[in-house]
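Trainee: Please read through the structure below; I'll follow up with questions.
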Amino acid sequence: MPMSPAEIESAILETLPDAKVVIEDLAGDGDHYRATIVAEAFRGKTRLQQHQMVYKALGERMGGQLHALALSTSAPG
């Protein structure tokens, strides 16, 4: 069963509670999303490290319940 945008946001916020998270359904199929995440925890981290933090937050759901997730991550400006 696919994850809803609210479930994706909740999973990310469990690990990055100060984050601002916006989830968009890219294909209207509930299976392909874009997440835009701004979090202080990303400051000083490379883009790869930022994405790894998000994937860790989502855990086993990536590739299972969540098929495709495009990420845009940054520290607050």
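FYI, it's all coordinate maths here, none of it is from the lab. If you're wondering where the values come from, they're calculated on a predicted model, not measured in any experiment. We place every Cβ from the backbone using ideal geometry, glycine too, and count neighbours over all the protein chains shown.
Trainee: Can you give me the distance in nm between label points at residue 45 and residue 32, each placed 7 Å from the Cα along the Cα-to-Cβ direction?
Mentor: 2.7 nm
Trainee: Need the full-extension length gain, residue 24 to residue 55, defined as separation in residues times 0.36 nm minus the C-alpha distance. One decimal, nm.
Mentor: Additional length available on full extension: 9.5 nm.
Trainee: So what are the ³J(HN,Hα) numbers for the stretch 71-77, from phi and the Karplus equation (6.51, -1.76, 1.60; θ = phi - 60°), rounded to whole Hz, Gly and Pro as x?
Mentor: 10, 10, 10, 6, 7, x, x
Trainee: Follow-up question, since we're still on this one. Give the percent of DSSP beta bridges with both residues in the chain that are antiparallel, rounded to the nearest 5.
Mentor: 45 percent
Trainee: Report Rg (one decimal) and Dmax (nearest whole number) for the chain, counting Cα atoms only, units Å.
Mentor: When restricted to Cα atoms, the chain yields Rg and Dmax of 11.6, 36 Å.
Trainee: Something else now. Angle between the Cα long axis of helix 5-15 and the longest principal axis of the chain, 0 to 90 degrees, nearest 10?
Mentor: Helix 5-15 sits roughly 30 degrees off the main axis of the chain.
Trainee: Shifting gears a bit: Using helices alone, I'd like the mean residue ellipticity at 222 nm for the chain: each DSSP H run of four-plus residues gives -39500 (n - 2.57), total over residue count, nearest 500.
Mentor: Estimated from H runs of four or more residues: -9000 deg cm²/dmol.
Trainee: Run the simple label-point estimate for residue 4 and residue 72 please: 7 Å along Cα→C-beta, distance reported in nm.
Mentor: 2.5 nm
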